[in-house]
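Here the structure comes first, spelled out in structure tokens, and everything after it is commentary.
The values are calculated or read from the model by the stated rules, or taken from the named source; none is laboratory data. Just so we're clear, the structure is a prediction, and the values are computed from it rather than from any experiment. Every residue, glycine as well, gets a Cβ built from its backbone with ideal geometry; the counts of neighbours run over all protein chains shown.
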Amino acid sequence: MEKELVRKRIAVSCKQIPADLVIKNGKIIDVFNLDIIEADVAISDGMFVGIGEFEGKQVIDAKNRYVCPAFIDGHVHIESSMVSPSEFAKVVLPHGVTTVITDPHEIGNVSGSEGLSFMIEDSKNLPLDVFLMLPSSVPATSFENNGADLKAKDLEPFYSHPRVLGLAEVMDFPSLKNAENSILDKIVMTAKHHGLMDGHLAGVDTNAIDIYRTAGIKTDHECNTAQDALERLRRGMYVLIREGSVAKDLKTLIKVLTPTNARRCLFCTDDKHLDDLIEEGSIDHNIRLAIEEGISPLQAIQMATLNAAECYRLPDKGAIAPGYDADFLLLDQLETIQITEVYKSGNLVAQNGRFVGKSAAKHVPNTQLMSTVHVSELHEKDIQIPFRNGNKANIIEIIPNQLITNKLVEQVTVENGDFQPSIENDQLKLVVIERHKNTGNIGLGVVKGFGFTDGAIATTIAHDSHNIVATGTNDGDILVAIQVLKDMNGGLVIVKNKQIMASLSLPIAGLMSDKDSQTVNVELDQLKLSLSQLGFVGEFNPFLTLSFLTLPVIPSLKLTDLGLFDVETSTHIPVQMN
């Protein structure tokens with residue numbers, strides 16, 4: 001910090017010179033005392049410098065609106081929005097989010113260090129503060145094949161970047177429990193750089209929480225029940241209450257909140273599609289839901305601001321108070337979080353739901369990031385599931401709007417010794433194809449719960465290794481869908497009668513579009529409309545659901561490029577029951 005800048009700010013605080021900007025006639029939300037005060041707020045060079053009576057070169061007349069700290073998303077994968085960081089900023093800023101903590105492990109799994117560098121470069125000089133946690137688990141597990149390997153030595157150079165805060169969600173619990181060098185090297189390296197560490201405690205017992213905390217890991221966003229959250233709070237963890245596009249945990253977890261423990265809770269979106277961000281919002285949506293569930297508006301706002309800032313050691317963020325960054329909102333309504341204006345460092349960046357700030361220059365991805373789908377031509381014989389001496393199968397049953405799945409055993413249709421999808425029994429074929437190094441690996445399985453009566457869908461968004469994943473009622477449409485993804489370097493596609501019904505190209509690592517958010521949203525709308533042609537009537541997002549059927553760290557049964565995977569036993573199992 002420059003001496004003259006500090007001298008100027010002190011002079012404004014002392015009322016010796018006018019502030020750059022003064023907010024008058026506002027109701028200030030005090031997140032420290034959960035109170036509302038009425039006074040002027042003085043801003044100098046993007047920082048709050050006083051509360052009281054001030055004169056300014058410019059004045060904002062709040063007109064009796066609430067002056068609220070801007071919101072912080074405690075854990076988000078920007079790639080899941082399907083737009084680049086520079087476009088993502090334009091989407092979330094109108095929803096009052098001016099700071100995010102992102103884990104770029106999606107692009108890291110595809111493109112390694114090149115992917116991390118792209119996310120850093122494309123998120124600089126934005127009216128959105130993008131802080132990064134470095135991916136801890138690339139590859140996520142040894143039960144699948146991804147595109148890159150990020151060891152401690154690959155991550156360490158990134159710690160010199162001022163926006164890198166620490167190590168992202170540690171998903172590989174078996175390696176942590178066994179104190180394997182692969183994860184201990186990253187934990188020790190992070191501690192050396194005084195970094196933070198996030199957890200990923202999906203489906204673990206209380207002893208596992210002990211292990212995570214002993215390793216220095218302080219957060220978790222994978223609680224499924226209120227009791228899960230309580231056990232983490234008892235062991236000194238921060239609980240991130242998630243409301244994303246698939247994982248919707250808020251209504252369950254909010255029951256654990258008390259006036260005493262609420263200071264250890266904050267909000268996150270984790271994985272949220274662009275259309276959901278535009279239609280329902282980001283952290284502002286979490287706050288509204290919390291209020292609907294009985295949490296006081298001021299408590300919910302505190303969780304979305306001060307709590308998140310303290311959790312991630314951002315001492316200049318999260319409050320309307322001297323010495324804090326002038327990131328704030330004007331709210332017409334407190335209970336409904338009706339945002340009229342959003343300010344970043346004292347500058348107006350969004351108004352009445354629209355981005356009005358200055359757009360930063362996009363970072364142009366290199367050729368490596370724009371060509372990541374490497375698959376040989378496939379034929380029907382390549383995706384057959386043979387059945388010998390019986391027709392009982394291990395089946396993945398989806399649970400709408402959840403990441404976990406059920407493991408079923410059912411009889412399936414077998415013709416000429418091969419599985420045949422059954423519309424009547426809602427049993428579809430599921431295919432995962434390694435797409436990074438053209439290994440030829442193909443995982444095959446049976447999935448229940450999509451309810452399709454025709455056609456196929458496919459995507460290169462397949463957590464966390466991001467191979468191709470497809471499901472459908474017939475082999476012909478599945479194969480066409482896979483070929484389309486190859487031709488457009490990744491994305492999402494719907495096929496019926498071997499014709500493309502709708503598609504969205506995601507050429508940046510097969511995860512993000514190089515187009516603007518409005519164009520991407522229109523194409524997403526077309527995809528949603530086209531799903532009806534497959535007979536889909538469910539109240540969930542089938543593409544998002546499909547993309548998590550490949551994640552072998554979330555119970556119960558998943559599919560990787562190496563085959564059907566039982567998460568409880570950490571082993572691959574046959575599709576056919578013996």
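What to note about this one:
- Selection of segment 280-299 for residues being under 22 Å from the mean Cα position of the chain (by Cα) and over 14 Å from Gly96 (Cα atoms) yields Leu289, Ala290.
- Qualifying strands (runs of 3 or more DSSP E) (wholly inside segment 1-107; at least 1 residues being surrounded by fewer than 19 Cβ atoms within 10 Å (Cβ to Cβ)): 19-24, 27-30, 35-38, 47-52, 56-61
- Of the residues Asp149, Asp129, the single one that is in contact with a Ser or Thr (Cβ under 8 Å, 6 or more places away or on another chain) and modelled with pLDDT of 95 or more is Asp129.
- Selection of segment 551-562 for residues being surrounded by 23 or more Cβ atoms within 10 Å (Cβ to Cβ), touching an Asp or Glu at 6+ places or on another chain (Cβ under 8 Å) and more than 18 Å from Asp270 (Cβ to Cβ) yields Leu557, Thr560, Asp561.
- From the list Leu334, Leu257, the one residue that fits, being touching a Cys at 6+ places or on another chain (Cβ under 9 Å) and either small (Gly, Ala, Ser) or more than 25 Å from Asn352 (Cα to Cα) (or both), is Leu257.
- Qualifying residue in segment 214-222 (condition: surrounded by 21 or more Cβ atoms within 10 Å (Cβ to Cβ), part of a helix (DSSP H, G or I) and touching a residue at least 24 places away in the same chain (Cβ under 8 Å)): no
- Each residue in segment 108-126 was checked for being surrounded by fewer than 24 Cβ atoms within 10 Å (Cβ to Cβ) and of a type in the set (Ser, Thr, Tyr), and 2 pass.
- Scanning segment 477-497 for residues that are under 16 Å from Leu430 (Cβ atoms) and over 24 Å from the mean Cα position of the chain (by Cα) yields Asp477, Ile478, Leu479, Ala481, Ile482, Val495.
- The single residue among Ser422, Ser465 that is assigned by TED's automatic domain parsing to the domain that holds Ser547 and within 23 Å of the chain's Cα centre (by Cα) turns out to be Ser465.
- From the options Phe548, Phe540, Phe536, residue that is in contact (Cβ under 8 Å) with a residue 12 or more places away in the chain and buried (at least 21 other Cβ atoms within 10 Å of the Cβ): Phe548
This table checks each residue for (1) more than 24 Å from the chain's Cα centre (by Cα); (2) β-branched (Val, Ile, Thr); (3) surrounded by 17 or more Cβ atoms within 10 Å (Cβ to Cβ).
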{"site": "Asn347", "(1), (2), (3)": "yes, no, no"}
{"site": "Thr367", "(1), (2), (3)": "yes, yes, no"}
{"site": "Met370", "(1), (2), (3)": "no, no, no"}
{"site": "Val373", "(1), (2), (3)": "no, yes, yes"}
{"site": "Glu380", "(1), (2), (3)": "yes, no, no"}
{"site": "Phe387", "(1), (2), (3)": "yes, no, yes"}
{"site": "Ile398", "(1), (2), (3)": "no, yes, yes"}
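- Residue match in segment 153-172 (condition: within 17 Å of His436 (Cβ to Cβ), of a type in the set (Val, Ile, Thr) and either touching a helix residue (DSSP H, G or I) at 6+ places or on another chain (Cβ under 6 Å) or crowded, with 24+ Cβ neighbours inside 10 Å (or both)): no
- For segment 130-156, the set of residues classified as farther than 27 Å from Pro555 by Cβ and either free of Cβ contacts under 8 Å to residues at least 40 places away in the same chain or not assigned by TED's automatic domain parsing to the domain that holds Ala202 (or both) consists of Leu132, Lys151, Ala152, Lys153, Leu155, Glu156, listed by residue number.
- Residue in segment 360-379 that is within 30 Å of Ile36 (Cβ to Cβ) and touching a strand residue (DSSP E or B) at 6+ places or on another chain (Cβ under 8 Å) present: no
- Odd one out for Glu424, checked against (1) exposed (fewer than 15 other Cβ atoms within 10 Å of the Cβ); (2) over 29 Å from Val553 (Cβ atoms); (3) in contact (Cβ under 8 Å) with a residue 12 or more places away in the chain: (3)
- Sole exception among (1) in contact with a helix residue (DSSP H, G or I) (Cβ under 7 Å, 6 or more places away or on another chain); (2) surrounded by fewer than 24 Cβ atoms within 10 Å (Cβ to Cβ) for Ser296, by number: (1)
- Checklist (1) surrounded by fewer than 21 Cβ atoms within 10 Å (Cβ to Cβ); (2) in a strand (DSSP E or B); (3) among the basic types (Lys, Arg) applied to Lys528, failing item: (2)
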